[in-house]
Structures are given as C-alpha cells and as structure tokens.
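Each value in this text was obtained by applying a stated rule to the coordinates, not by laboratory testing. Keep in mind it's a predicted model, so treat the numbers as computed, not measured. Quick reminder, even Gly has a Cβ in these numbers, built from the backbone with ideal geometry, and neighbours come from all protein chains shown.
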Amino acid sequence: MDERHRRFDADKLFRLKSEHSGYKFCPRCRTELEEQRLDGVLRLACPSGDCDFIFYQNPAPAAGAVVVTDDRILLVKRAHPPKIGWWCIPAGFMEWQEHPSQTAVREVKEETGLDIRLKGFFEVYSGSDDPRTNAVLILYLGEAIGGELGAADDAEEVRYFGFDELPDNIAFASHRQALKDYQERFRKGRS
Ligand SMILES: [Zn+2]
C-alpha cells in the first residue's frame with residue numbers, strides 16, 4: 001500500500017464532512033471564516049467587509065454507466081481508497097466542463113478499457129457514505145462497442161458478473177441500490 005493510501009483516514013474525513021469540510025479560512029482573502037445562518041442553513045461565511053465569500057457545501061456530481069452484456073454486468077474492483085478491494089459500477093466525479101454523459105463514457109474507458117455508447121438514462125442517486133464528499137450519482141445505460149477489457153486507472157480488476165453471482169462487497173449504498181433497481185426494471189420474470 002502506498003503512502004497516500006496509508007494516510008487515508010475515513011473516520012477523520014467523515015468528521016470533517018460534518019464540520020464544513022474542515023475549512024477554516026477564506027480561500028479568497030485568508031480571513032478566518034465564521035458560521036452564519038444563511039437561507040436557514042449554518043454555513044461558513046467570510047466576515048471581511050470587502051469579501052462576499054460564502055462556503056456552500058454542495059454534493060459532488062458523479063456519473064457512470066450500467067453496462068450489461070449477455071445478462072452480465074460490468075463491475076470494477078477499486079484500487080484506491082475509500083473501499084479498496086470493493087466492487088462498484090464504473091463511475092467517477094465530473095470534471096468542471098463536462099456533461100455527465102461525457103463523464104460516464106470517459107470513466108468507463110479509463111477504468112475498464114472499454115468504449116461504450118450510451119443507450120439512455122438509467123437513474124440518479126444521492127449518497128452520503130463516501131468519506132470524501134456527499135455525491136450525486138448519475139447513471140446511464142451503456143453498451144460496449146469497442147476497446148479491450150482490462151483494469152486501468154482506479155481499478156484493480158474489472159469483469160462482468162452474472163446477477164446470481166454478484167459480489168457481497170459492493171462499495172456504496174447508491175451502487176447497491178442501482179444493482180437492485182436494474183434487476184427490478186430489466187430482469188423481472190427472469191430466473
Ligand atoms: Zn474573504
């Protein structure tokens with residue numbers, strides 16, 4: 001395990017999330033931030049007269065794709081914290097200029113080596129069990145159209161699973177729910 005992984009402290013990150021992400025000083029003018037009740041929410045605001053910085057703690061948007069081939073779903077084994085060695089649907093955080101559909105295609109390529117085409121929208125989930133940040137997960141339905149399956153980037157292993165052999169250690173509640181929802185909607189009546 002490398003140094004960065006050893007330093008990853010999930011309990012500490014969960015605590016910081018509940019303390020305005022641990023932020024203390026204005027990123028614009030370095031004044032110490034103060035708690036203020038704004039729009040009914042306790043937020044950090046810069047008290048300096050000529051600075052209007054307010055820290056809005058928003059969930060981070062992420063996107064990914066449910067890729068199913070021959071009734072088997074593509075999953076990724078995580079190579080980085082949190083939840084190293086746990087499985088999840090290929091997905092990742094959006095870059096600033098991206099549309100979530102671009103994020104989904106990019107993340108699947110980066111983690112699994114596969115080129116996919118999006119067939120449609122699947123579902124959106126809200127998650128609070130990632131110690132780094134709360135997240136909004138936007139999932140599409142995808143279809144592999146090329147590339148070569150192989151773990152890369154944030155993945156330790158990638159493979160297709162039959163729905164009767166899904167691993168128990170699925171990393172996040174939103175991913176577990178998505179696996180349930182997919183089977184409800186697209187596999188009803190199948191054995
Ligand atoms: Zn300021």
* Hz values of 3J(HN,Hα) by residue in region 136-141 - Karplus curve (6.51, -1.76, 1.60), Gly and Pro given as x -> 10, 9, 9, 10, 9, 9
* Asked: Cα axis of helix 173-186 to longest principal axis of the chain: angle in degrees, 0 to 90, nearest 10?
  -> 40 degrees
* Structure fact -> Measuring from the longest principal axis of the C-alpha atoms of the chain, the long axis of helix 100-112 (C-alpha) lies at a number of degrees, nearest 10, equal to 60 degrees
* Asked: Residue separation times 0.36 nm, minus the C-alpha to C-alpha distance between Arg117 and Lys180: what's the value?
  -> 20.4 nm
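Please report Rg over Rh for region 3-55, where both radii come from the alpha carbon positions and Rh follows the Kirkwood definition. List each step's numbers first, then the result.
Working: Rg = 13.7 Å, Rh = 12.4 Å.
In region 3-55, Rg relative to Rh is 1.10.
At a 10 angstrom cut-off on C-beta neighbours, averaged per residue, how do the peptides 166-179, 23-36 rank from highest to lowest?
The packing order, highest mean first, is 166-179, 23-36.
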* Based on the Kirkwood radius over alpha-carbon pairs, what is the Stokes-Einstein translational diffusion coefficient of region 59-137 at 20 °C with 1.002 mPa s viscosity, in µm²/s? -> 163 µm²/s
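For a Förster distance of 25 Å, can you work out the FRET efficiency between the beta-carbons of Phe25 and Phe93, rounded to the nearest 0.05?
Rounded to the nearest 0.05, the efficiency is 0.55.
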* In order through region 14-21: 3J(HN,Hα) via Karplus (6.51 cos²θ - 1.76 cosθ + 1.60), integer Hz, x for Gly, Pro -> 4, 5, 4, 4, 7, 10, 6, 6
* Asked: Which whole-number percent is the relative contact order of region 62-109 (Cα, under 8 Å, 6+ apart)?
  -> 44 percent
* Tell me, how many Å apart are the Cα centres for region 156-191 and for region 30-70? -> 32 Å
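Evaluated at 4 °C with a viscosity of 1.567 mPa s, what Stokes-Einstein diffusion coefficient in µm²/s does the chain have when Rh comes from the Kirkwood expression over alpha-carbon pairs?
Details: Rh = 18.4 Å.
Here the translational diffusion coefficient equals 71 µm²/s.
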* To do: Just order 158-165, 139-146, 87-94 by mean Cβ neighbour count inside 10 Å, highest at the front, would you?
  => 87-94, 139-146, 158-165
* To do: Taking amide H positions as placed in the peptide plane 1.01 Å from N, state which residues far from Ala62 in sequence (5 or more) or on other chains have amide H under 5 Å from it.
  => Met94, Val136, Leu137, Ile138
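222 nm [θ] for the chain, helices only, -39500 (n - 2.57) per DSSP H run of 4+, per residue, to 500? Before the final figure, lay out the partial values.
Details: 4 runs with 40 residues, N = 191.
It comes out at -6000 deg cm²/dmol, rounded to the nearest 500.
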* Highest average packing first - 64-70, 120-126, 50-56, Cβ atoms within 10 Å -> 64-70, 120-126, 50-56
